[in-house]
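Note sheet for the following structure.
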Amino acid sequence: MKIRWQHGLAFPLILAVALGGLSALLGRISEIQTEAVHLNPDEPQYWMGGMEGKRFDKAGRLQEHFVATQAFQLPDSKDIHFRSPKLDVHQEGKPAYQVEGKEGLYNTDTRVAVFQKEVLLTKPADATHPAGTVKTEFIHVDTKARFAQTEHPVEFAYGQSHGSSVGMTYDHTKSLFNFPSKVKATIYHAKNL
């Protein structure tokens, strides 16, 4: 049997082969080669100097104000590390408490901040309560729950009362300090002064 090539059959076949080759060539040229660069997990991925951030409530009032002299974040970490962090927390636009320290970190997922080294928690006086301060070396602050705690030694002052303890919790929603261990204190009742 003899097969005869006709121009009508050859042209579509040649065109299909040529277009297939051109398509393969263009596909190869347009491929982008990416190479994942693995960063050193012990060196900062981001480094910032002199940072400030504010968060506002639904009514547009200041809720949190945070400043630090330096900040950095390590690769693949949700923790941001700070130097000289200071957090001012407000409730309905009024100062509720302030926490500051020499070092700290903040987890972007949990919104929990940790303050370390020469930590000072300050609660300003209001119409019914005197001012209060707590000094310690380490404290966790849950900014969502408005709850702070430490298991380290603390020195505290509340009005003219002052004392020391090991460990402390502060629940801002209840305006309640709790000292779970033995407390050494000098207590002055505000009404007797």
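The values are calculated or read from the model by the stated rules, or taken from the named source; none is laboratory data. Note that the coordinates shown come from a computational prediction; the quantities given were computed from them, not determined experimentally. Because the Cβ atoms are built from the backbone with ideal geometry, glycine has one as well, and the counts that use them run over all protein chains shown. Surface areas here come from the heavy atoms of the whole protein model, side chains and all, with no ligands, DNA or RNA. Shrake-Rupley method; radii C 1.70, N 1.55, O 1.52, S 1.80 Å.
From the residues in region 147-179 that are open to solvent by 100 Å² or more (accessible area, probe 1.4 Å) and in a loop (DSSP other than H, G, I, E, B), which one is modelled with the highest pLDDT? By that ranking, first place goes to GLN160.
Which of the residues that make up region 89-130 are open to solvent by less than 40 Å² (accessible area, probe 1.4 Å), part of a loop (DSSP other than H, G, I, E, B) and in contact with a Ser or Thr (Cβ under 9 Å, 6 or more places away or on another chain)? GLY101, the sole residue that qualifies. The conditions of being in contact (Cβ under 8 Å) with a residue 12 or more places away in the chain, within 20 Å of the chain's Cα centre (by Cα) and under 30 Å from VAL183 (Cα atoms) are met by LYS102. Hey, could you check region 180-193 for residues that are of a type in the set (Gly, Ala, Ser) and not in a loop (DSSP other than H, G, I, E, B) and say which is least open to solvent (accessible area, probe 1.4 Å)? Across region 180-193, the extreme among qualifying residues is ALA185. The residue list LEU25, LEU62 contains one member that is open to solvent by less than 100 Å² (accessible area, probe 1.4 Å), at pLDDT 85 or above and among the hydrophobic types (A, V, I, L, M, F, W, C), which is LEU62.
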